[in-house]
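This report refers to the structure that appears directly beneath it.
The values are calculated or read from the model by the stated rules, or taken from the named source; none is laboratory data. This structure is a prediction, so every number in the text was calculated from the model and none was measured. Don't worry about glycine lacking a Cβ; one is built from the backbone with ideal geometry, like all the others, and counts go over all protein chains shown.
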Amino acid sequence: MDVLNAFVTLANFVIIPATAYGAQLALGALGVTLIYGILRFSNFAHGDTMAFGTMVTIFATWGLQAAGITFGILPTALLALPLGIAATALLVIGTDRTIYRFYRQQKAKPVIFVIASLGVMFIMNGIVRFFIGVDDQRFADGERFIISARTFRDMTGLDEGLAFRTTQGITIVVAMIAVILLFWFLNRTRTGKSMRAFSDNEDLALLSGINPERVVLITWIIVAALATTAGVLYGLDKSFKPFTYFQLLLPIFASAIVGGLGNPLGAILGGFLIAFSEVGVTYAFRKVVGYLGPTEWQPDGLLQLLSTDYKFAVSFGILLIVLLFKPTGIMKGKSV
Amino acid sequence: MTRGFDPKILMLFGLVAILFVGTGFVQSWNTALTIFNMGLVSAIMALGVNMQWGYAGLFNVGVMGFVALGGLATVLVSVEPVPEAWSAGGLQVILGLVLGALTIVGAILLWNAMPKGRLRGLVMLVVLLIGFTLFRRVFDTGAEAVEAINPASTGFLGGLGLPILLAWPVGGLLAAGAAWIIGKTALGLRSDYLAIATLGIAEIIIAVLKNEDWLARGVKNVTGIDRPVPYEVDLQESERFLGLVSNIGADPVTASTITVKLLYAALFILVLGLLIWLSEKAWNSPWGRMMRAIRDNEVSAAAMGKDVKSRHLQIFILGSAVCGVAGAMMTTLDSQLVPGTYQPLRFTFLIWVMVIVGGSGNNWGAVLGGFLIWWLWVQVEPLGLLLMQGLTAGMADGNWLREHLLDSAAHMRLLTMGMILLLVLRFSPRGLIPER
């Protein structure tokens, strides 16, 4: 019986990575859910919006590094993030003006918006691949660890190390700041309130004199900020590869749907639920169980429920369960 | 089919024909035929998606998964079985899969049989857990044993060793089975949910193909799948063929490759023709009218006593099956199953571009879109390269911008496809050949 070592192992391989991943998913899902609430369609281009913002941030990071500017122990990418957000905001506002606004005026069916977003997805994907290529890019610099496994072992005298990477810490802190800002904005400011009103009941909101184009504009800016932040944090924590960002669409959508489409709090909850299940189901629990039971109980198998290659199956499975038993999501979402 | 052909349709098909003939003259007939054969396969995929979208308004973005299942069918049907693998653990693998399926069926039956309450959830959880553990116990050892048999050349169970053409309908059946599972759960909910569910199942199917080595060798690929047509080498050695070729005075090597491609094209045209005929019959039948009535107004169709959900399930399965057949045909054409090549942009979203551009709700439109967009997809790359070379002609060799632009020309096709989709959706939302 060695509860401490078991807990440290679990924290090192499940709790910390899943929390960071959950924060990234939550930020992504918030973007999806906001678009769904205000513009009322599922934006398939969201993964590629994230990729675009991250790409601009990477270029800005390289520029800063070339100019000799770094952010000390923190990654330079954080300094470059505002530029990435600005560029992404311009891009999504541009796509809204040229593409989505037309269908809004036509009062087109939601599925037409979705098909238009497929076109946008192709174009953004093309732009990203055109500029930065299809390869892996690592752009994290600064201090690698807040606590490295060795320091932790020396500090505590335990057998197991606990590594807490800077990028994981930054992910959690930045995500928290972003979420607090978002909720402050939605609940306390006039514009935020008008956004929520618009999302709840479009006709009533229009009656009370809310300008829909302004609401849409602000939504896109917020979405650009959330998507870029999510993308940069994911890229810092893992690495940047356009195709991976496209594939993130599935867990992000799953998070938003599980939480209840259109419900920001649900999106956060969904993000963490998906992240913890994905990491938990694909983690081999052998060591943890080994510490908890007597030595002779050490299991033969890895005690891994699914191989990591099937992580998509996890988000998909949770999605199916929610769709079957609670189609509007855990927190009540919309169902247009 | 009753009204005869619109001159506009003939003209559009004529234009696409000119594109292909032009490719034959400018590049080579081999290239033109290669594009044409994949164009035929794409047209069939587009027909399948058009059934779901055009007939019933279902938004399926998991085409890639159904296509891949069709590809799997070619391996399962035509590859020779591996007896050593079967004796090592084949039955155990099958037994494991049966156990897994029984668990799920049992859990569903229990769920339906037991009264509502906490006990029901608990019992189901226990059944699922026990079933899963049993499944892993039996299945894992079996799969390991199978994969250990000569992993460099086999390491899988192999297929049934039956004729390859049988794989085409089987591919359709496999896809139909997967569609049934998805449809049962996601149909009847909002349209976006079906989209996400299909997106997910497609990724999972590809993950299974990549990782389950016992099934189809995973990323080690299955190559040398049987062909329904003779091999070029055999043709080049056949006296009769050589005699024919020398009569028309052609080069035997080129002639043999072209003959093989023409044979494939003939087979594919047969399938495409049959499918178009069936689709047109269905479209003009009472069933087709009912489908359109449901699509245009679900509420009033339901009020007329039409079972919307099961009709949707029906058309979803049919459309997916057609995609499965196309997938099997494609793998047959390639003679190999390479799970790594299945990309959603290429196999799901490109098919959507074909349907939207061609004309949703029109079978001929979908076919036209299939040929046109596939031709563009292939040709935009060299055209983009030409364009970039033109743009950068003034720059010095080795200039980084020039190098980068030339390297990136390949990604022009995504940009072009997105542009085409958006332009058609905006200015001609009913597509090139609109629904009648």
Condition check for B:I35: in the same structural domain as B:V322 (by TED's automatic domain parsing), closer than 18 Å to B:L376 by Cα and touching a residue at least 12 places away in the same chain (Cβ under 8 Å) | yes
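Within region B:259-286, track down each residue that is of a type in the set (F, W, Y) and modelled with pLDDT under 95. Working first, answer last.
So in region B:259-286, the residues of a type in the set (F, W, Y) come out as B:264, B:268, B:277, B:283.
Passing the criteria: only B:W283.
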Out of all the residues in region A:94-122, which are at the interface with chain B (Cβ under 9 Å from one of its Cβ atoms) and of a type in the set (G, A, S)?
-> A:A108, A:A116, A:G119
Within region B:197-229, restricting attention to residues that are without any contact (Cβ under 8 Å) to a residue 60 or more places away in the chain and in a helix (DSSP H, G or I), which residue is farthest from the other protein chains (Cβ to nearest Cβ)?
-> B:V208
Here are some residues: B:L391, B:L422. Which one is within 12 Å of chain A (Cβ to nearest Cβ), out of contact with any strand residue (DSSP E or B) (no Cβ under 8 Å at 6 or more places or on another chain) and either under 18 Å from A:V120 (Cα atoms) or at pLDDT below 85 (or both)?
-> B:L422
Hey, any hits in region A:199-206 for a residue that's surrounded by fewer than 16 Cβ atoms within 10 Å (Cβ to Cβ), closer than 26 Å to A:G333 by Cα and of a type in the set (A, V, I, L, M, F, W, C)?
-> yes
Among the residues listed as A:A20, A:A51, the single one being of a type outside the set (V, I, T), touching a Pro at 6+ places or on another chain (Cβ under 9 Å), surrounded by 24 or more Cβ atoms within 10 Å (Cβ to Cβ) and under 21 Å from A:I170 (Cα atoms) = A:A51
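With the requirement that a residue be on the phi > 0 side of the Ramachandran plot and part of a helix (DSSP H, G or I), what does region A:25-68 give you? Steps first, answer last, please.
Taking region A:25-68 and keeping what is on the phi > 0 side of the Ramachandran plot, we get A:40, A:68.
Within region A:25-68, no residue meets the criteria.
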Helices (runs of 4 or more DSSP H) wholly inside region A:119-226 containing at least 1 residues that are modelled with pLDDT of 90 or more and more than 19 Å from A:R104 (Cα to Cα) | A:166-188, A:190-200
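Taking the condition polar (S, T, N, Q), under 20 Å from B:V208 (Cα atoms) and either at pLDDT 80 or above or surrounded by 15 or more Cβ atoms within 10 Å (Cβ to Cβ) (or both), does A:T282 pass? Please lay out each step first, then the result.
Working: polar (S, T, N, Q): yes; under 20 Å from B:V208 (Cα atoms): yes; either at pLDDT 80 or above or surrounded by 15 or more Cβ atoms within 10 Å (Cβ to Cβ) (or both): yes.
Considered against the rule, which asks whether it is polar (S, T, N, Q), under 20 Å from B:V208 (Cα atoms) and either at pLDDT 80 or above or surrounded by 15 or more Cβ atoms within 10 Å (Cβ to Cβ) (or both), A:T282 comes out as yes.
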Might you check whether a residue that is in contact (Cβ under 8 Å) with a residue 24 or more places away in the chain, more than 12 Å from chain B (Cβ to nearest Cβ), in contact with a Gly (Cβ under 9 Å, 6 or more places away or on another chain) and more than 23 Å from A:D200 (Cα to Cα) occurs anywhere in region A:30-37?
-> no
Somewhere in region B:240-255, is a residue acidic (D, E) and either within 22 Å of B:V75 (Cα to Cα) or within 14 Å of another protein chain (Cβ to nearest Cβ) (or both)?
-> no
Filtered residue count, region A:95-146, keeping only those that are loosely packed, with under 15 Cβ neighbours inside 10 Å, without any contact (Cβ under 8 Å) to a residue 60 or more places away in the chain and closer than 23 Å to A:Y234 by Cα | 1
What residue, of B:V357, B:V380, is free of Cβ contacts under 8 Å to residues at least 60 places away in the same chain, of a type in the set (V, I, T) and within 14 Å of chain A (Cβ to nearest Cβ)?
-> B:V380
Residue check: is B:R436 in contact with a Gly (Cβ under 9 Å, 6 or more places away or on another chain), farther than 21 Å from A:I115 by Cα and assigned to a loop (DSSP other than H, G, I, E, B)?
-> yes
